[in-house]
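The next block holds one structure in the form of structure tokens; read it before the comments.
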Amino acid sequence: MSRRVVLSVAAGVVVLAGAGATAVAYAGDQPPSVAHSAARYAAPDGDRSGSLTFTTDITASSGVKDVKVLAWPANSSFVKKGLTAKDMAAVESAVCKPSGEDTVRCTYTATVTRVEADASPRGRWHVAVLATTEDGDTTLDTKAADFTVA
């Protein structure tokens with residue numbers, strides 16, 4: 001092989017290796033992603049309590065540290081002022097279990113009493129999710145899923 005060909009091949013290998021390393025580094029720094037979210041609301045019936053169940057998949061290459069969940073009425077003050085990560089700090093966490101290499105399936109379930117249901121605004125509600133990785137990166141999805149309180 002000529003010296004030019006060898007140098008060209010060597011330069012190409014260096015460029016490709018650098019691009020690969022950058023892609024790996026970039027992939028490792030991604031914030032958590034929220035996908036496949038669903039909410040199911042069952043109103044209390046007679047003496048039986050109702051429930052709210054929310055599930056979602058969170059993917060994070062560094063691992064998931066915590067997933068906070070908040071159900072909020074579509075006509076609340078959050079519509080105007082916007083829901084923030086600070087608003088989510090004191091809410092309850094979902095229970096997460098591994099469901100893939102970098103993915104966890106998280107479930108949040110809350111019992112709804114007759115008194116709570118009667119005091120709740122009727123209409124559309126949203127479920128917000130704040131996912132935090134082991135590295136401290138966060139993703140806030142303020143409308144991960146919707147449900148209706150009739």
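Things worth noting here:
- Filtered residue count, region 99-150, keeping only those that are farther than 18 Å from Arg40 by Cα, modelled with pLDDT of 95 or more and in a loop (DSSP other than H, G, I, E, B): 6
- Selection count where residues are farther than 16 Å from Ile58 by Cα, outside any loop (DSSP other than H, G, I, E, B) and within 15 Å of the chain's Cα centre (by Cα), scope region 78-98: 2
- Filter pass, Ala38 being more than 23 Å from the chain's Cα centre (by Cα), at pLDDT 50 or above, hydrophobic (A, V, I, L, M, F, W, C) and surrounded by 11 or more Cβ atoms within 10 Å (Cβ to Cβ): no
- Of residues in region 51-65 being surrounded by fewer than 16 Cβ atoms within 10 Å (Cβ to Cβ) and either free of Cβ contacts under 8 Å to residues at least 60 places away in the same chain or part of a strand (DSSP E or B) (or both), the one nearest to the chain's Cα centre (by Cα): Thr53
- Count of residues meeting criterion [among the polar types (S, T, N, Q) and out of contact with any Gly (no Cβ under 8 Å at 6 or more places or on another chain)] in region 25-75: 8
The values are calculated or read from the model by the stated rules, or taken from the named source; none is laboratory data. Quantities reported herein were computed from a predicted structural model and do not represent experimental measurements. Cβ atoms come from the backbone with ideal geometry, glycine included; neighbour counts cover every protein chain shown.
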